[in-house]
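None of the figures in this text is laboratory data; all of them are computed from the coordinates on show. As the structure is a prediction and not an experimental result, all values here were calculated from the model. Positions of Cβ are backbone-derived with ideal geometry, glycine not excepted, and every protein chain shown enters the neighbour counts.
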Amino acid sequence: MSILPNPAPTAPETAYLWLRREISLLPWDQEAFLTENAIAEAAGVSRTPVRDALLRLEAAGLVRRVPRKGAYVPALTAQDIENMMEVRRVIEDWAVRKVSFTGQLGSDLDQLLQDQQDSLADPVAFIDFDISFHKHIVHTAGNRALEEVYDSQRIKQQRMGVKAVQDSQGRSDHVVDEHRAIVEAIRQRDAPTAAAAVLNHLQSTLTVLKAIPAQTHRG
């Protein structure tokens, strides 16, 4: 049986993916304007699919449309951070407890931990693996509705995470150690310890984010 190649993304999808990536790399305490012409040129598409992509991102609350100026990407506030971390605490506590009852890990989680360890010098790649690590646990827990809510926070996680590991000395090493504690508790099928390890990790992350002074400016 021949395997068909994956179809190339459509122009609207190309524009959407390009914008998501650019927004995710914008530090959480910065804001920026992006014009349709600049986006179209950078993404290699026309302005029409850019408009479609901006509408999707606006509906998700990631950009605001400003007449005659373009797409405005707002800086995240202290309340945004608190809200995102509360979502993570609720969902990740539930997920790690459920996964721990079975000790269900699979090789993917161990590999993600190794990949993250290997990418300590690259903050963007490090946070990509960080998000994938947590998402894998949530996905394994098996509730699609909660997984969709969790995924909706991904860009905020990316923006906050990159700045946190860049601005906090030694944070990347601590993250790997905290992740390793979560994995070990799941492997031991110790749900209370796994949940405590997740809470400790998220609280450490929140403490780091609060300690970083915001320097909001427009890109």
Exercise. Treating the angle as unsigned and between 0 and 90°, give the value, to the nearest 10°, between the Cα long axis of helix 78-102 and the longest Cα principal axis of the chain.
Key: 40 degrees
Practice problem: Using all C-alpha to C-alpha distances in region 11-73, build P(r) with 5 Å bins and read off the rounded percent in each one. | Solution: 4, 20, 34, 28, 12, 2, 0
Quiz item: Between the DSSP loop rule and a limit of at most 11 other Cβ atoms within 10 Å, which chymotrypsin sites (Phe, Trp or Tyr not before Pro) in region 98-152 are left?
Solution: none
Exercise. Mind checking the full-extension length gain between residue 35 and residue 60? Use 0.36 nm per residue of separation minus the Cα-Cα distance, one decimal, nm.
Key: 7.1 nm
Quiz prompt | Mean Cα-pair separation over length for the chain, i.e. relative contact order, pairs under 8 Å, 6 or more apart, % | solution = 27 percent
Quiz item: What nm distance separates the two modelled labels at residue 8 and residue 101, each placed 7 Å from Cα along Cα→Cβ?
Solution: 4.8 nm
Practice problem: Could you line up 68, 89 from fewest to most neighbouring Cβ atoms inside 10 Å? | Solution: 68, 89
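Sort 177, 128, 80 by Cβ crowding within 10 Å, fewest neighbours at the top.
Arranged by neighbour count, lowest to highest, 177, 128, 80 become 177, 80, 128.
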Self-check item: Unit charges at the beta carbon, dipole of region 78-211: most positive-side option, 203, 182, 172
Solution: 203
Practice problem: Please arrange 208, 50, 96 by counting, for each residue, the other beta carbons lying within 10 Å of its beta carbon, fewest first. | Solution: 208, 96, 50
Practice problem: Could you work out how far helix 171-187 tilts from the main Cα principal axis of the chain, as a 0 to 90 degree angle to the nearest 10? | Solution: 50 degrees
Self-check item: Angle between the chain longest axis and helix 106-118 axis [Cα atoms, degrees, rounded to 10]
Solution: 70 degrees
Self-check item: Label point distance in nm, residue 184-residue 121, each placed 7 Å from Cα along Cα→Cβ
Solution: 2.8 nm
Quiz prompt | Whole-angstrom gap from region 92-165 to region 11-78, using each part's C-alpha centre | solution = 25 Å
Practice problem: Only Lys, Arg, Asp and Glu count, each charged at its Cβ (+1, +1, -1, -1), so figure out the dipole size of the chain about its Cα centre, rounded to 20 debye. | Solution: 720 debye
Self-check item: Difference of contour (0.36 nm per residue) and Cα-Cα distance, residue 42 to residue 143
Solution: 32.7 nm
Quiz item: How big is the chain by the Kirkwood estimate over distinct Cα pairs, in Å?
Solution: 18.6 Å
